[in-house]
Amino acid sequence: VQLQAFGGGLVQAGGSLRLSCAASGNIFSPNTMAWNRQAPGKQRELVATITSGFSTNYITSVKGRFTISRDNAKNTMYLQMNNLKPEDTAVYYCHTYSDSLGWYNYWGQGTLVTVSS
């Protein structure tokens, strides 16, 4: 399975960006897709998850600002990021895994989001 993330860029604080993650290959369903991020000098952290059934979870710091979604027909996941803050600056990674198949665990390359103050 290959995951390709895109949509990052430079934005001013208060602005918006939409990230996309396209999956291809031998995709197992059901699966969970997730966005993680890693800020400079910090550990990678989970940002949001979405299941095949569209159940979502978010970390507290992005609730109300970020929206995760997916199009199962297109095997694509999205992250709409609004009211961006400088602390959202990070490399954002997409991830997919299955709770029932432990080996089904794939990461995409990152896309850099930079929020200027």
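Worth pointing out:
- Here the spin labels are modelled as points 7 Å beyond Cα on the Cα-Cβ line, and at S24 and S98 they lie 2.1 nm apart.
- Surface analysis of segment 9-117 yields an accessible area of 52 Å² per residue, using protein heavy atoms and a 1.4 Å probe.
- Using every pair of distinct Cα positions in the chain, the Kirkwood expression returns a hydrodynamic radius of 14.2 angstrom.
- A Cα-only calculation for segment 22-88 places Rg and Dmax at 12.9, 37 Å.
- Evaluated with a Cβ-only charge set (Lys, Arg +1; Asp, Glu -1), the chain carries a dipole of roughly 160 debye about its Cα centre, given to the nearest 20.
- Overall Cα dimensions of segment 49-117, principal axis frame, Å, largest first: 42, 23, 23
- Sulfur and carbon atoms: percent of accessible area, the chain [1.4 Å]: 49 percent
The values are calculated or read from the model by the stated rules, or taken from the named source; none is laboratory data. All values derive from a computational prediction rather than experimental measurement. Cβ coordinates were reconstructed from backbone atoms using ideal geometry, including for glycine residues, and neighbour counts include every protein chain displayed. Protein only, heavy atoms only, side chains kept; ligands, DNA and RNA dropped before computing areas. Shrake-Rupley method; radii C 1.70, N 1.55, O 1.52, S 1.80 Å.
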